[in-house]
Amino acid sequence: MRCAECKGKGLCGLPRCPIMSRFYAQAPVRPSDHYQGSAPSVFVGSYGYPKVAGGPLMINDADNPPDWVARGLGIEEIVGIRARTIRGTAGPGRLADNLQEIAISSKPLDVEVRFTKPVAFDLRFDGTIAPVGLTGAIRKIDVLDNARVDRAVDRATSDTDLSATDAFEILHASGTDVYQITQLLTAGLLGRKRHVVPTRWAITAVDDSVSNRLKKKIARYPPLGEIEVFSASLYGNHIVCLLTPGDWKFEMIEVWRKQSLWAGEDETIAQDGEGLTKPGYSPLAGAYYSARLAVTEYLESIQRSARVLVLRSITGEYWAPLGTWVVREATRNAMKGPKTRCATLQEGVDTASRLLGFSHWRPHSRLIPELMTQKTLFDF
């Protein structure tokens, strides 16, 4: 049975999933019914929505992917952090004030928590959120610090007449990263009708909404002056971005290589794309919106429009599903890195294939044939 079909459910017949075993090996040996330390973020599950359980994520380390990347942590080290992270849970509404205080703070707050019984290893994989190794039902929680709130966050969370999507845009423009915006949405601190939002939904909602607003700005900018190719790799995720002059169009092709996390013995290739609007939810799930966000951030920063192809190749090095933040940060790294200028579209396609290490993604692209056969006003 392929890992892509199983995702830790034990369908292969092995006594324990090899991926789970590597997480379990780094979890604490003696779980406790008490925790005192840092709670850098919050988590709300989606099971049973709208009656969802949530609570703080507790670890005396960062819960911030850009920080992990900046520190140069390897995948094993990140797995170690996530294996030791405790997901506290309590029923609907019980911890609302605590959740909001933790989410709104620009610095991690210290908490003291009593659990109903010792925390247990309870790993569940999800393609969007980063996995957490331990979980515990909260009996009592005390927040020991006072929140430090940035001015832009204070304004956005205080304005109950501001829609959630407007708040996303204002916060992002002020320099608040999507990771904290997601926390604010999860804790029910944004929008006119406020309620807690499951974390996995909040991640994609913020990526989607922010990049949609950026798309509208990009549509008014002049086209890119030349064909550009960018690339970067992060934890076995190789990203190549091909940008061509024109009005906004976006395509993403995802290739799970043989023996990679969810592919098993067979390579898997999937595609999705859009113009100025995108109907429905992408079959590439949260990775699509995370990559699109990173590209729109770049185009907004240079005030140009473009037609964009993002290629993602996932190798066996990516042995644990860390969440769509890997795609977001890998694409951001690509757009910040050196670019290759190409004189023709064919040269750009060949360069992308060379950087990716293979060319059989080409038959799956709809954007490239369109660009090769159609002319727009930008061509004259």
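The values are calculated or read from the model by the stated rules, or taken from the named source; none is laboratory data. For clarity, every value in this text was computed on a predicted model and none was experimentally measured. Neighbour counts run over all protein chains shown; Cβ positions are idealised from the backbone, glycine included. We work out accessible area using only protein heavy atoms, side chains counted, and drop any ligands, DNA or RNA first. Shrake-Rupley method; radii C 1.70, N 1.55, O 1.52, S 1.80 Å.
Could we say that R194 is closer than 27 Å to D126 by Cβ, in contact (Cβ under 8 Å) with a residue 40 or more places away in the chain and touching a Ser or Thr at 6+ places or on another chain (Cβ under 8 Å) here?
In short, no.
Of everything in segment 223-259 that's of a type in the set (S, T, N, Q) and more than 17 Å from the chain's Cα centre (by Cα), which residue is most open to solvent (accessible area, probe 1.4 Å)?
Selected residue: Q259.
I'd like to check something: does segment 184-202 contain any residue that is within 20 Å of the chain's Cα centre (by Cα), closer than 25 Å to S365 by Cα and not hydroxyl-bearing (S, T, Y)?
No, there is no match, as no residue in segment 184-202 is within 20 Å of the chain's Cα centre (by Cα), closer than 25 Å to S365 by Cα and not hydroxyl-bearing (S, T, Y).
Can you tell me how many residues in segment 184-233 are among the aliphatic types (A, V, I, L, M) and farther than 25 Å from R304 by Cβ?
Summing the residues that are among the aliphatic types (A, V, I, L, M) and farther than 25 Å from R304 by Cβ in segment 184-233 gives 10.
Cβ-Cβ under 8 Å, sequence separation 6+ or interchain: first residue in segment 107-127 and closer than 30 Å to V149 by Cβ and of a type in the set (V, I, T), partner open to solvent by 60 Å² or more (accessible area, probe 1.4 Å) and assigned to a loop (DSSP other than H, G, I, E, B). Which pairs?
V111/L144; V119/D33
Listed residues A306, A270, A287, A294; which is of a type in the set (A, V, I, L, M, F, W, C) and surrounded by fewer than 18 Cβ atoms within 10 Å (Cβ to Cβ)?
A270
Can you tell me which condition F378 does not meet? The list is (1) part of a helix (DSSP H, G or I); (2) at pLDDT 95 or above; (3) of a type in the set (F, W, Y), and all the others hold.
Here F378 clears every test but (2).
Can you tell me which residues in segment 70-109 are under 20 Å from the mean Cα position of the chain (by Cα), small (G, A, S) and crowded, with 18+ Cβ neighbours inside 10 Å?
Within segment 70-109, G80, A83, A103 meet the criteria.
Applying the selection to segment 46-69, what residues are modelled with pLDDT under 95 and open to solvent by 20 Å² or more (accessible area, probe 1.4 Å)?
Scanning segment 46-69 gives S46, Y47, G48, Y49, P50, K51, A53, N60, D61, A62, D63, N64.
Suppose we filter S260, S290 for residues that are of a type in the set (S, T, Y) and either assigned to a loop (DSSP other than H, G, I, E, B) or farther than 20 Å from T331 by Cα (or both); which single one remains?
Values: S290 fails: either assigned to a loop (DSSP other than H, G, I, E, B) or farther than 20 Å from T331 by Cα (or both).
So the residue among S260, S290 that is of a type in the set (S, T, Y) and either assigned to a loop (DSSP other than H, G, I, E, B) or farther than 20 Å from T331 by Cα (or both) is S260.
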